[in-house]
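Chemist: Here's a structure for you.
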Amino acid sequence: MSQSNPFRVAVLSVVKHAYVPHGVASHPRFELVVVADDADQPDWVHERNQKFADEYNIPYVRDVEQALAQYDVQVAVVSSEAERHCDLAVRAAQAGVHVVQDKPMSTRVSECDRVIEAVEQAGVQFMMWNRNLLPGVLHAQELIDEGTIGALRAIHVDFYFAKDAGPSKGSRAEGEPPINWLEAQKAAHSDGSDGGVGHEPMGELKIEGIYPLAYIRMLTGLEVRRVFARTTAHFHQLHADNGVDDLATVSLEMDDNVVGSLCIGRIGAASHPDIGEIKLHVIGSDGSLVISEARPEVAIYYRDQPSAEFRHQRVGADLSHLLMENFARAIDTGSPTVLDARAGRAIAATVEAALESGRTGKPVEVV
Amino acid sequence: MTRIALIGATEALDRFAGVTSHLAEVAIVAVVDGDLDSARTVADVLKADLAVNLFDTLLDEHCDQFDAMVIHASIPYRAERARRAIDAGKHVLIDSPLAPSIAEAQELTKAADSADVRLMVSQPTRFAPDYAAVKKSLDDGKLGTPGLLRMHRWESPRDAGSLWKRVTRELDLAYWLFQSLPSEVYCMARSKDEEPDYLQIHLGFAGGGMALIDYCQALPEGQPYESLTLVGSRGTAYADQHHNTQLLFQGDYPLAMRTAGSQRADLLQLAEFDSAIREHRTPSISGADGQAVLQILLEAVGPSLDLDKAMRLQGGSYEPV
């Protein structure tokens, strides 16, 4: 593949907030050429797919395999409901197509294993969308790799999204039915808070846990072996009604005697002036780091500023471009992507173990 | 005027310098330390009339010259000295943990009640202006129900005492903010050389609340670091030293320095002790509070480390899960 010809990209279902396909499209080496999905999907899925296709002035085909073949696709972007992520990724890989997939990798670790097998058998590249190439995280990596703090001993990530997810916990009146997960997620599409869209309810640990766990994995280079977790629905009626967490804490035991922790939650829009508090605390043998993932940022305040507008805006971050640059290089050279299928699977397994620990109250080995 | 005897000179100087200019109704009248020269030096600075090197001398020969005692002593001796002070009718402010065992802590509390003297456990962190502001926002209802407490504290190596007993301040903060004993406790410790210098404590509370404590004693010599975040159902408070640093440029990378507030936690705590004495009421950190923290430490944190298991509160005691 000549570097002068962009990779032809198929978007395989784009039912939730479209930041991943937009991110792919933002890089000059990738060109969206078709949107595709299975014909038997419900109308609301087809509507959203068609709308995205119209936005890019590209066709929408209700046949995934046909689209992959007909449009000479080299890359697939998977942005469906989480429960279909792996199936679409496997089918793309089996068609010889490289894959960029939205998070979470899957709702089941066994599905992740299918992706690994398909990707490795086909010899294609796979990347989970992630935040590892944000300036603050890269700065932490640079300092750690330079030996500035010596050998790693502990790493902690706080990952709080200051977003709402419908009415507060305890607000449901007697006699009112529980909030339906899928319908609530479909309604959240309007403000992009629909990362959990699908029939299967998912808590914050499952939906967003990949981000901080990917930081930890990249910065330490280590596998998580055992976890102890607490999970709860603390903020939102939606999560309480559907038995999933909107707040979780996980203690991590990793290789080389390194430990860590993760605090994650959808803590409500009132709890931070911006997207939320995302912070890394790293302890080494010769020093320690406190890193705010949001920096560099600029504070902007003005009269009649909408309350929903972030007061601090991140600057100097080109995450989408860097991720797709990494992916392009992986395709060109065969080098691993920044978050490949095996890493995605390891993170999914850590999340599963944490959820089990939250249920049992015991430490759980990561399998 | 509440007349106070300080037990333990070195700690006293650091924590009570300037007390007379801040607390008009409190006077430091005596300093006791095994090193008489140290006792005299500190007494001089604090304008105390009496410096002695024996606790017995204070009680036997000067009992009518003070009303209350602030006890800094190693853990095995603390409770014994506190008990003798209480038996002599003196109010006591004692470092945490207040005793080497829960039973001794219970005895102390009962003795203080029987003698009708005030027993207060020292946790100056509760009076630190930033943490007091977090608590106030919680008590005012601004944060709703507490869901997650995240604490980091890093400092340079200390040369005495078990690592896990140094986290009583974080355990007390968690107990104070959640207003209950944790229902689950899970701990991990790590060592750089022979002795552990890193501790991670994971707490669960009834109703789903949780806390994570990261305590490290391995920072290079220099300023310590601490940070506390309390996430509640309605709002979140961030008492984060990362935000509260100033920059000093002297070439190369700038130094990040913390600006100390003018209010001092130790003096605010002493003021509360004095108020409790005057008002004849239970102090804000009582013997029962000290007992609770000791129970978390001895029945949950220690055993969780030893057994490599989570501990669960069942029927008033912690059992392995």
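Chemist: Restricting attention to segment B:216-236, which residues are at pLDDT below 95, more than 8 Å from chain A (Cβ to nearest Cβ) and touching a strand residue (DSSP E or B) at 6+ places or on another chain (Cβ under 7 Å)?
Modeler: B:GLN217, B:GLN223, B:PRO224, B:GLU226
Chemist: Being within 13 Å of chain A (Cβ to nearest Cβ) and within 16 Å of the chain's Cα centre (by Cα) is the filter here; which residues of segment B:156-188 pass it? Give the steps one after another, and end with the answer.
Modeler: To start, the set of residues in segment B:156-188 that are within 13 Å of chain A (Cβ to nearest Cβ) comprises B:156-157, B:174, B:178, B:182-188.
Result: B:ALA174, single match.
Chemist: Right, next: I'm trying to understand the selection: among the residues of segment B:289-311, which are among the polar types (S, T, N, Q) and more than 14 Å from chain A (Cβ to nearest Cβ)?
Modeler: B:GLN291, B:GLN295
Chemist: Output yes when any residue across segment B:272-295 is surrounded by 15 or more Cβ atoms within 10 Å (Cβ to Cβ), over 26 Å from B:ARG15 (Cβ atoms) and free of Cβ contacts under 8 Å to residues at least 40 places away in the same chain, and no when none is.
Modeler: no
Chemist: Determine whether A:SER307 is at the interface with chain B (Cβ under 8 Å from one of its Cβ atoms) and either assigned to a loop (DSSP other than H, G, I, E, B) or buried (at least 19 other Cβ atoms within 10 Å of the Cβ) (or both).
Modeler: Taking the combined requirement at face value, the residue does not satisfy it.
Chemist: Within segment B:88-131, which residues are touching a Ser or Thr at 6+ places or on another chain (Cβ under 8 Å) and within 25 Å of B:SER262 (Cα to Cα)?
Modeler: Across segment B:88-131, the qualifying residues are B:LEU93, B:ILE94, B:ASP95, B:SER96, B:MET120, B:VAL121, B:SER122, B:GLN123, B:ARG126, B:TYR131.
Chemist: As an exercise: evaluate A:TYR215 against (1) assigned to a helix (DSSP H, G or I); (2) surrounded by fewer than 17 Cβ atoms within 10 Å (Cβ to Cβ); (3) within 17 Å of the chain's Cα centre (by Cα) and give the number of the one condition it does not meet.
Modeler: Condition not satisfied by A:TYR215: (2).
Chemist: Here's something else I'd like to know. Checking A:VAL97 against (1) of a type in the set (Val, Ile, Thr); (2) more than 14 Å from A:ASP340 (Cα to Cα); (3) surrounded by fewer than 21 Cβ atoms within 10 Å (Cβ to Cβ), which test does it fail?
Modeler: Only one criterion in (1) of a type in the set (Val, Ile, Thr); (2) more than 14 Å from A:ASP340 (Cα to Cα); (3) surrounded by fewer than 21 Cβ atoms within 10 Å (Cβ to Cβ) is unmet by A:VAL97, namely (3).
Chemist: To continue, here is another question. Could you tell me which of the residues B:LEU6, B:LEU23 is touching an Asp or Glu at 6+ places or on another chain (Cβ under 8 Å), on the phi < 0 side of the Ramachandran plot and not small (Gly, Ala, Ser)?
Modeler: Checking each option against the conditions leaves just B:LEU23.
Chemist: Count, please, the residues in segment B:20-48 that happen to be under 21 Å from B:LEU267 (Cβ atoms) and either surrounded by fewer than 17 Cβ atoms within 10 Å (Cβ to Cβ) or of a type in the set (S, T, N, Q) (or both).
Modeler: 9
Chemist: To continue, here is another question. Residues that are under 28 Å from B:VAL167 (Cα atoms): list the strands (runs of 3 or more DSSP E) wholly contained in segment B:17-115 that include at least 1 such residues.
Modeler: Details: elements: B:26-32, B:50-52, B:68-71, B:91-95.
Where strands (runs of 3 or more DSSP E) fall fully within segment B:17-115 and carry at least 1 residues being under 28 Å from B:VAL167 (Cα atoms), they are B:26-32, B:68-71, B:91-95.
Chemist: Follow-up question, since we're still on this one. Which one is farthest from the other protein chains (Cβ to nearest Cβ), of the residues in segment B:116-143 that are in a loop (DSSP other than H, G, I, E, B) and out of contact with any His (no Cβ under 9 Å at 6 or more places or on another chain)?
Modeler: Among those that are in a loop (DSSP other than H, G, I, E, B) and out of contact with any His (no Cβ under 9 Å at 6 or more places or on another chain), it is B:GLN123.
Chemist: Name the residue that is surrounded by the fewest Cβ atoms within 10 Å (Cβ to Cβ), counting only residues in segment A:251-267 that are of a type in the set (Val, Ile, Thr) and at the interface with chain B (Cβ under 7 Å from one of its Cβ atoms). Let's see the steps before the verdict.
Modeler: Quick first cut of segment A:251-267, residues of a type in the set (Val, Ile, Thr) only: A:258-259, A:264, A:267.
After this cut, where a residue has to be at the interface with chain B (Cβ under 7 Å from one of its Cβ atoms) as well, the list is A:259, A:267.
Values: A:VAL259: 22, A:ILE267: 30.
Step by step, filter segment A:251-267, then rank; the result is A:VAL259.
Chemist: Exactly one condition in (1) part of a loop (DSSP other than H, G, I, E, B); (2) within 7 Å of another protein chain (Cβ to nearest Cβ); (3) under 16 Å from A:TYR160 (Cα atoms) is not met by A:GLY276; state its number.
Modeler: (2)
Chemist: Output the number of the condition that A:THR337 fails; it satisfies all remaining conditions of (1) in a loop (DSSP other than H, G, I, E, B); (2) surrounded by 18 or more Cβ atoms within 10 Å (Cβ to Cβ); (3) touching a helix residue (DSSP H, G or I) at 6+ places or on another chain (Cβ under 6 Å); (4) within 14 Å of another protein chain (Cβ to nearest Cβ).
Modeler: It fails just one condition, (4).
Chemist: I'm trying to understand the selection: among the residues of segment B:222-263, which are assigned to a strand (DSSP E or B) and within 30 Å of A:ALA165 (Cβ to Cβ)? Write out each step before concluding.
Modeler: Step one: of segment B:222-263, the residues assigned to a strand (DSSP E or B) are B:225-232, B:236-240, B:245-248, B:255-258.
Hits for segment B:222-263 are B:SER227, B:LEU228, B:THR229, B:LEU230, B:VAL231, B:GLY232, B:THR236, B:ALA237, B:TYR238, B:ALA239, B:ASP240.
Chemist: Within segment A:298-308, can one find any residue that is in contact (Cβ under 8 Å) with a residue 60 or more places away in the chain and of a type in the set (D, E, K, R)?
Modeler: No: zero hits.
Chemist: Just need a number here: residues in segment B:239-256 that are out of contact with any Asp or Glu (no Cβ under 7 Å at 6 or more places or on another chain), surrounded by 12 or more Cβ atoms within 10 Å (Cβ to Cβ) and either of a type in the set (A, V, I, L, M, F, W, C) or within 23 Å of B:ILE94 (Cβ to Cβ) (or both).
Modeler: Counting residues in segment B:239-256 that are out of contact with any Asp or Glu (no Cβ under 7 Å at 6 or more places or on another chain), surrounded by 12 or more Cβ atoms within 10 Å (Cβ to Cβ) and either of a type in the set (A, V, I, L, M, F, W, C) or within 23 Å of B:ILE94 (Cβ to Cβ) (or both) gives 2.
Chemist: Of the residues that sit in segment A:218-250 and are more than 10 Å from every other protein chain (Cβ to nearest Cβ) and among the polar types (S, T, N, Q), which one is nearest to A:ALA162 (Cα to Cα)?
Modeler: Filtering first and then ranking leaves A:GLN237.
Chemist: (1) modelled with pLDDT of 95 or more; (2) within 20 Å of A:ASN49 (Cβ to Cβ); (3) surrounded by fewer than 24 Cβ atoms within 10 Å (Cβ to Cβ): which one isn't true of A:GLU83, the others all being true?
Modeler: Answer for A:GLU83: the failing condition is (1).
Chemist: Looking at (1) at the interface with chain A (Cβ under 9 Å from one of its Cβ atoms); (2) under 17 Å from the mean Cα position of the chain (by Cα); (3) surrounded by fewer than 20 Cβ atoms within 10 Å (Cβ to Cβ), find the lone condition where B:HIS152 falls short.
Modeler: That leaves (3) as the condition not met.
Chemist: Follow-up. Based on this model, can you work out whether A:ILE283 counts as in contact (Cβ under 8 Å) with a residue 60 or more places away in the chain, more than 9 Å from chain B (Cβ to nearest Cβ) and surrounded by 15 or more Cβ atoms within 10 Å (Cβ to Cβ)? Steps first, please.
Modeler: Details: in contact (Cβ under 8 Å) with a residue 60 or more places away in the chain: yes; more than 9 Å from chain B (Cβ to nearest Cβ): no; surrounded by 15 or more Cβ atoms within 10 Å (Cβ to Cβ): yes.
For A:ILE283, the condition - in contact (Cβ under 8 Å) with a residue 60 or more places away in the chain, more than 9 Å from chain B (Cβ to nearest Cβ) and surrounded by 15 or more Cβ atoms within 10 Å (Cβ to Cβ) - is not met.
The values are calculated or read from the model by the stated rules, or taken from the named source; none is laboratory data. What you see is a predicted model; the values in this text were computed from it and never measured. When we count neighbours, we look across all protein chains shown, and the Cβ atoms used for this are built from the backbone with ideal geometry, even at glycine.
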